[in-house]
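The values are calculated or read from the model by the stated rules, or taken from the named source; none is laboratory data. Computed from a predicted model, the values in this text were never measured in an experiment. Positions of Cβ are generated from backbone atoms using ideal geometry, with glycine treated the same way; all protein chains shown enter the neighbour counts. For accessibility, only protein heavy atoms count, side chains too; no ligands or nucleic acids. Shrake-Rupley method; radii C 1.70, N 1.55, O 1.52, S 1.80 Å.
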Amino acid sequence: MRSFEKDSSCWFTCNKAFEKMNVLRGLFTKSWSSDIQLDGKTAIVTGANSGIGKETAKDLAKRGARVILACRDMEKAEQAASDISRDVENAIVVVRKLDLADTKSICDFAELIYNTEKSLHLLINNAGVAICPYSTTADGFETQFGVNHLGHFFLTFLLMDLLKHSAPSRVINVSSLVHPMGKIHFEDLNSEKSYHPVKAYVQSKLANILFTRELASRVEEMGVSVYAVDPGLVKTEIIRHLKKPLQFFVKTFGFLIKTSAEGAYTTLYCAVTPDLPTGTYYSNCAMAPCSRAANDDNTASRLWAVSCHLLGIRWK
Ligand SMILES: NC(=O)c1ccc[n+]([C@@H]2O[C@H](COP(=O)([O-])OP(=O)(O)OC[C@H]3O[C@@H](n4cnc5c(N)ncnc54)[C@H](OP(=O)(O)O)[C@@H]3O)[C@@H](O)[C@H]2O)c1
């Protein structure tokens, strides 16, 4: 009897604690669903072999879209495609090689897309590398700035004709809630003078929003809409470069933050919701304010010009 009382009070305490956790989770996670179908539409999702990108691709496939998984690791990409095909009846999923840390790979990818696809309605710039030790891309850019910003900037530039041709179409740039910590260090964009992994990551996520604003103003009349998204705090492999104790902390309290499927909601909201104003920023499936730096038109146009210069492209 005594032990039963002990057990039941323990059960009660656990249950209460669980309820509180769910309330806490609810503060950060808004549930979302939509029955909008995407039959006949084509979508590219970068970094679709894991985490938020994989869940985004799966949901788009469920809606009937032809989904191109644009990934650098072909083995993981094939695995993701077969997972999606197993879970989604009649899924149309294609795997294509894309390494955003190499402009040659980005060119090859875009060429293949033009040779194999008639249209492109959704470009989801989701791939990202976070808080990694210093390294450079094949073209000598600091990796986080090079992959998260320049790689997607170049990819979007190359695919823009197809997006225009397929209008109405959308570009979605996955940024982050940490962007307000960011500053664009024009004097040292590639962290050659000094490198801090967090500083470089938050710069790249701020750059995602500035790119969104500038691109939106340039392509609105051509029927291409552009959105920036904060997926929230999501339990994914993005923490792979964090120090072990921090990884342990995130994994231990991972049940408090979003699952990858929940992390994909805001991207999907921007992909399917009709009539969203272009050039805007979304968090928890709603338009949200972004930092003052992210709203700075001068910084946005300067970053655009510098990005074109670094990539050796003319993008009017
Ligand atoms: N998780 C969060 O809490 C959180 C919060 C805010 C924003 N975000 C953003 O959400 C996006 C998705 O991240 P995630 O959390 O889902 O992490 P993830 O599971 O680590 O996914 C990142 C994806 O990006 C790919 N990637 C990295 N470098 C690449 C490159 N050079 N070329 C092509 N693909 C590359 C990875 O491929 P490999 O498997 O080959 O490495 C992976 O598929 C990122 O932009 C991230 O900044 C995440």
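Overview of results
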item	result
Residue within region 251-267 that is surrounded by fewer than 22 Cβ atoms within 10 Å (Cβ to Cβ), away from the ligand (no atom under 15 Å from the Cβ) and within 25 Å of Pro133 (Cα to Cα) present	yes
Filter result for Phe153 (of a type in the set (A, V, I, L, M, F, W, C), in a helix (DSSP H, G or I), in contact with a Phe, Trp or Tyr (Cβ under 7 Å, 6 or more places away or on another chain) and touching a residue at least 60 places away in the same chain (Cβ under 8 Å))	yes
Among (1) open to solvent by 10 Å² or more (accessible area, probe 1.4 Å); (2) out of contact with any His (no Cβ under 9 Å at 6 or more places or on another chain), the one test that Thr156 misses	(1)
Criterion violated by Trp315 - all others in (1) open to solvent by less than 20 Å² (accessible area, probe 1.4 Å); (2) touching a helix residue (DSSP H, G or I) at 6+ places or on another chain (Cβ under 8 Å) satisfied	(1)
Scope region 114-143; condition near the ligand (Cβ under 9 Å from one of its atoms) and touching a strand residue (DSSP E or B) at 6+ places or on another chain (Cβ under 6 Å); matching residues	Asn125, Asn126, Ala127
Contacts under 8 angstrom Cβ, first residue in region 276-291 being under 14 Å from Gly232 (Cβ atoms), partner open to solvent by 30 Å² or more (accessible area, probe 1.4 Å) and part of a strand (DSSP E or B), 6 or more apart	Tyr281/Met287
Boolean, Val198 is of a type in the set (A, V, I, L, M, F, W, C), more than 21 Å from Thr46 (Cβ to Cβ) and part of a helix (DSSP H, G or I)	yes
Residue within region 187-209 that is closer than 25 Å to Lys316 by Cα, within 11 Å of the ligand (Cβ to nearest atom) and among the hydrophobic types (A, V, I, L, M, F, W, C) present	no
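Every residue, every condition in (1) near the ligand (Cβ under 9 Å from one of its atoms); (2) surrounded by fewer than 21 Cβ atoms within 10 Å (Cβ to Cβ), yes or no:
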position: Cys71; (1), (2): yes, no
position: Lys76; (1), (2): yes, yes
position: Asp83; (1), (2): no, yes
position: Val94; (1), (2): no, yes
position: Asp99; (1), (2): yes, yes
position: Leu112; (1), (2): no, yes
